[in-house]
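Below is one structure, written out as structure tokens; comments come after it.
The values are calculated or read from the model by the stated rules, or taken from the named source; none is laboratory data. All figures in this text were calculated on a predicted structure; none of them were measured in a lab. In this analysis, Cβ positions are derived from the backbone assuming ideal geometry, glycine residues included, and neighbour counts consider all displayed protein chains.
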Amino acid sequence: MKKLSKLLLALSFALSITSSAFAVTVASWGGAYTESQKLGYGDPTAKKLGVEINWVDYSGGLSEIKAQKEAGAIVWDIIDVFAMDTITGCDEGLFVEFDFDKDFPAAPDGTPASQDFFTTMPSKCAVGNILYSWNYAYNTKNVKGTPKTIKDFFNTKKFPGKRAIYKSALTNLEIALAADGIKPGKGGAKIYKALETEKGVNRAMDKIKKLCTDPKGGCVFWSAGAQPPELLMSGEVVMATGWNGRFFNATVGEGAPIKQVWDGQGLDYEYFVLVAGGPDEANAKKALAEMTSTEGLAGSAKYIAYAPWRKSSIGVMAKGEPWYKDGKTNMVPHMPTAPSNTKNYFLVDPIFWADNGTELGEKWEAMKAGL
Amino acid sequence: MSSKSQKILTTDGIPLEESLKKAERKNKIKAFLLVAPLLLFLIITYVFPIGDMLFRSVDDRMVTNMLPKTFKAMEEWDGKELPEEEVFAAFYLDYKKLVEEKTFGKLATQLNFEKNGFKSILKKLKRKMKKFEEGNYKEQIMGVHKRWANVEYWRALKRRTPSYSYSKYLKGVDMYENEDGKIVQVPEDRRVHKILWVRTIEVAFFVTVLCFLMAYPIAHLLATLPMKYSNLLMICVLLPFWTSLLVRTASWMILLQQQGIVNDFFVWVGLVTDDNRPEMMYNKTGTYVAMTQILLPFMVLPLYSVMKTISPSLMRAGKSLGGTPFVAFWKVYFPLTIPGIGAGCLLVFILAIGYYITPALVGGASGTLISNQIAYHMKSTLDWSFASAMGLMLLTGVLAIYWIYNKLVGVDNIKLG
């Protein structure tokens, strides 16, 4: 039976593979984000190497690539993934392990790649792509006064109205603790230490529960990145957590009356992985090196406010300001890594979530179900 | 006379009986060949995937095969205190082999489903193991991380001993088998599946009731109006039916949100004040409204097709025999529509119980249903065996409802058109 189902899967993938053979296929999240990748480094790389690069959309997670591998017909070469998935996929042998300094070019000043990236990679299979932020924003027309800190997000007395928060526990617990008075410490270490204990988890859950059941507050849970700015603009909520690039696009791109607050932000990373045994592994490897070069990563920041992983890319951007595609907006201050934005922040810890995601997820759902 | 001589022969001398049988067999083969593609289709798209799912949900051979020595050493262990040195030593040898084969990642993922926190201590063990000295593995392993000295983790490991287990089904109803072999509930703050099952059934039930209450008069109107009006009405029923599910869900979001059109209208006519707009979205109300509207055609169409066949003279006869309009309706018309009601309710209920997108978009906190949880385990946690188990539980539920319906009303009575 297993063989037959494998055969079926293989057949269905074989049909889809015929359309994408002899090209590097990159799976990413779609929307404005994929657009920035395609224009920023996808197209230039394709031109330089003379290889076609196809972009396909997916909605995250390893289920699809696992299914492709089980069927024995892998159709993706490169995937844009969360840190947690690079760890799981690397341990399970789905992705290629890198020899980092050999596989990726050094910065223009000669700094080896491993030194040029902001931090070390979570696994041997990952190469950094962007840094983004889980911060919050408000609609300036609907809020009286100016929220400045993460505490204000939970302060319904001073700023009454509903809040939009992410649908699952990820980053919500951290934000709740930061707002409850825990100083994040270096990279958020203190927050995660608190979350290792039952007491800390309950403290965070209670904080969220209090906000959601507050008659002056209340919660809307968002699931897609486009929702937070939308909910703010329609007036459905007064404040929303979200991804900084989406807020930036709404504010600078579309002129919405939205303002971001960087206090207590969670810095998170996005990575590329190279699929082991992908349809065009050799070319994919070359393309990946090109895409994650200093110039390449700086290129995508022209189109979206996510920070390139390489320090040297920020240098390129600063020299080229105004870097945004409209030709008049300076991009560096909008980066989640800018010094003014990282006064109080935590780094989202993939290892913590890889370990505790399931259990905290269950607790979170149970808490939500009781709202 | 012997019976042989009674046989009637065909012109070419073969007994008629045999010749007939032959012809019949040919027809049977032909008939079978005609339905063979359908049969094959059913086997490939239903029987195999469901069989595969069933197998996945109980199959735990992978972990059993990964740690053969450990499980053997654990046979004697009663699960009360930390296991003895021999268990640690066996585990060390098993795990060392997995690290060499580079398959330890799969073990880590599986064990993390059983008990959170396994992933990182296994990885830490992998790093530290290289410097291990021979002998006294218990102390060395426990020195890697304090969780290795926690008996809970060893109990979790022991739970994965059998090659086939029904533990995923227990997890689906928030239970587990503890070290004494008793089936107990998980801690209260982690009981989420039961809530979701109850909520799923509740939502499906009320959506079915709402659909029925709305669809009955509509279908009646459709069946009794003159052709030119009923056609127009029919288009009104079918048009949303042909529109994409996502589009319809999104339009409800625009209509129902607090700053939405419906609320704006309420404020405009003075029904509510501007700062006191009712919440009609991101809660159960939103789920009910959107799902009822989306599933309505599935109720209207079977009802309509049945009502169309009921002769109007029956009602007239009922009334002329002395019944009030209500009695005539209740005793004559209504029983005749039961086949349509059965078909419609069954359809709507079964569709509603597996609904996914709409509750996820408009349901808010109280809107997640069991199918959302299945998707979560398929996509995020990658616990496919658990997702399979819950999928099968849902399927069993649907079959049970079908069975009850068959006992109460009879499936033969269903009429779709």
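Could you list all residues from the range B:68-89 that are under 14 Å from B:Met129 (Cα atoms) and either surrounded by fewer than 19 Cβ atoms within 10 Å (Cβ to Cβ) or among the aliphatic types (A, V, I, L, M) (or both)?
Within the range B:68-89, the subset under 14 Å from B:Met129 (Cα atoms) is B:88-89.
B:Ala89, the sole residue that qualifies.
Give me the residue from the range A:156-183 that is among the aliphatic types (A, V, I, L, M) and part of a helix (DSSP H, G or I) and, out of that set, surrounded by the fewest Cβ atoms within 10 Å (Cβ to Cβ).
Result: A:Ala179.
Has the range A:45-60 got at least one residue that is buried (at least 16 other Cβ atoms within 10 Å of the Cβ), touching a residue at least 40 places away in the same chain (Cβ under 8 Å) and within 14 Å of chain B (Cβ to nearest Cβ)?
Checked against the condition, which is being buried (at least 16 other Cβ atoms within 10 Å of the Cβ), touching a residue at least 40 places away in the same chain (Cβ under 8 Å) and within 14 Å of chain B (Cβ to nearest Cβ), the range A:45-60 yields no hits at all.
Yes or no: B:Leu107 farther than 19 Å from B:Lys130 by Cα, out of contact with any strand residue (DSSP E or B) (no Cβ under 7 Å at 6 or more places or on another chain) and aliphatic (A, V, I, L, M)?
Values: farther than 19 Å from B:Lys130 by Cα: no; out of contact with any strand residue (DSSP E or B) (no Cβ under 7 Å at 6 or more places or on another chain): yes; aliphatic (A, V, I, L, M): yes.
It is false that B:Leu107 is farther than 19 Å from B:Lys130 by Cα, out of contact with any strand residue (DSSP E or B) (no Cβ under 7 Å at 6 or more places or on another chain) and aliphatic (A, V, I, L, M).
In the range B:169-189, is there at least one residue being surrounded by 15 or more Cβ atoms within 10 Å (Cβ to Cβ), over 17 Å from the mean Cα position of the chain (by Cα), of a type in the set (Gly, Ala, Ser) and under 17 Å from B:Lys115 (Cα atoms)?
Checked the range B:169-189: no residue is surrounded by 15 or more Cβ atoms within 10 Å (Cβ to Cβ), over 17 Å from the mean Cα position of the chain (by Cα), of a type in the set (Gly, Ala, Ser) and under 17 Å from B:Lys115 (Cα atoms).
Residues in the range A:291-311: is at least one crowded, with 24+ Cβ neighbours inside 10 Å, closer than 16 Å to A:Thr25 by Cα and of a type outside the set (Ser, Thr, Tyr)?
Yes: one or more hits.
Which one of the conditions (1) assigned to a helix (DSSP H, G or I); (2) farther than 28 Å from A:Lys162 by Cβ does B:Ile254 fail to meet, given that it meets all the rest?
(2)
Pairs needed: first member in the range A:146-173, more than 18 Å from A:Val201 (Cβ to Cβ) and in the same structural domain as A:Pro184 (by TED's automatic domain parsing); second member anywhere, assigned to a loop (DSSP other than H, G, I, E, B) and among the basic types (Lys, Arg); C-beta distance under 8 Å; at least 6 residues apart or different chains.
Sorted first by the residue in the range A:146-173, then by its partner, the pairs are A:Asp152/A:Lys158; A:Thr156/A:Lys216; A:Lys157/A:Lys216; A:Phe159/A:Lys144; A:Pro160/A:Lys216; A:Gly161/A:Lys216.
In the range B:88-141, which residues are facing another protein chain (nearest Cβ under 10 Å) and hydrophobic (A, V, I, L, M, F, W, C)?
Of everything in the range B:88-141, those that are facing another protein chain (nearest Cβ under 10 Å) and hydrophobic (A, V, I, L, M, F, W, C) turn out to be B:Phe104, B:Leu107, B:Ala108, B:Phe113, B:Phe118, B:Ile121, B:Leu122.
Among the residues that make up the range A:204-225, is at least one of them under 22 Å from A:Ile130 (Cα atoms), in contact (Cβ under 8 Å) with a residue 60 or more places away in the chain, out of contact with any Ser or Thr (no Cβ under 8 Å at 6 or more places or on another chain) and surrounded by 15 or more Cβ atoms within 10 Å (Cβ to Cβ)?
yes
Picking from B:Val348, B:Val272, which residue would you name as being in a helix (DSSP H, G or I) and β-branched (Val, Ile, Thr)?
B:Val348
Being surrounded by 20 or more Cβ atoms within 10 Å (Cβ to Cβ) and either assigned to a loop (DSSP other than H, G, I, E, B) or of a type in the set (Ser, Thr, Tyr) (or both) is the filter here, so list the residues in the range A:140-155 that pass it.
A:Pro147
Would you please name the residue that is modelled with the lowest pLDDT, looking only at residues in the range B:362-372 that are more than 8 Å from chain A (Cβ to nearest Cβ) and part of a helix (DSSP H, G or I)?
My answer is B:Gly367.
Let me spell it out: the conditions are (1) more than 23 Å from A:Lys199 (Cα to Cα); (2) assigned to a loop (DSSP other than H, G, I, E, B), and A:Leu131 meets all of them except one. Which number is the exception?
Exception for A:Leu131: condition (2).
Looking only at the range A:61-87, how many residues end up being basic (Lys, Arg) and within 11 Å of chain B (Cβ to nearest Cβ)?
Selection size over the range A:61-87: 1.
Can you tell me which of B:Leu170, B:Leu93 is touching a strand residue (DSSP E or B) at 6+ places or on another chain (Cβ under 6 Å) and not β-branched (Val, Ile, Thr)?
Only one candidate passes the filter, namely B:Leu170.
Residues that are farther than 25 Å from B:Arg199 by Cα and assigned to a helix (DSSP H, G or I): does the range B:282-290 have at least one?
No: the range B:282-290 contains no residue that is farther than 25 Å from B:Arg199 by Cα and assigned to a helix (DSSP H, G or I).
So which residues in the range B:373-402 are among the β-branched types (Val, Ile, Thr) and away from chain A (no Cβ under 14 Å), if there are any at all? It would help to see each step written out before you state the result.
Quick first cut of the range B:373-402, residues among the β-branched types (Val, Ile, Thr) only: B:374, B:381, B:396, B:398, B:401.
Correct list: B:Thr396, B:Val398, B:Ile401.
Considering the range A:318-357 alone, what residues qualify as being within 16 Å of A:Asp268 (Cα to Cα), away from every other protein chain (no Cβ under 14 Å), outside any helix (DSSP H, G or I) and of a type outside the set (S, T, N, Q)?
A:Met335, A:Pro336, A:Ala338, A:Lys343, A:Tyr345, A:Phe346, A:Leu347, A:Val348
Take the residues in the range A:216-226 that are outside any loop (DSSP other than H, G, I, E, B) and within 19 Å of the chain's Cα centre (by Cα), then tell me which one is nearest to the other protein chains (Cβ to nearest Cβ).
A:Phe221
Taking into account only those residues within the range A:358-369 that are touching a residue at least 24 places away in the same chain (Cβ under 8 Å) and facing chain B (nearest Cβ under 7 Å), which is farthest from A:Arg203 (Cα to Cα)?
Within the range A:358-369, the subset touching a residue at least 24 places away in the same chain (Cβ under 8 Å) is A:360-361, A:363-364, A:367-368.
Checking the rest, the ones that are also facing chain B (nearest Cβ under 7 Å) come to A:363, A:368.
On the way: A:Lys363: 13, A:Lys368: 15 Å.
Step by step, filter the range A:358-369, then rank; the result is A:Lys368.
Against the condition away from chain A (no Cβ under 12 Å) and within 23 Å of B:Val203 (Cα to Cα), how does B:Tyr355 come out, does it pass?
So B:Tyr355 passes the test.
Restricting the search to the range B:168-195, which residues are more than 25 Å from B:Met53 (Cβ to Cβ) and within 12 Å of another protein chain (Cβ to nearest Cβ)?
B:Pro187, B:Glu188, B:Asp189
Testing A:Asp263 on (1) of a type in the set (D, E, K, R); (2) farther than 18 Å from A:Ile175 by Cα; (3) touching a Lys or Arg at 6+ places or on another chain (Cβ under 9 Å), one condition comes back false. Which one is that?
Here A:Asp263 meets the rest and fails (2).
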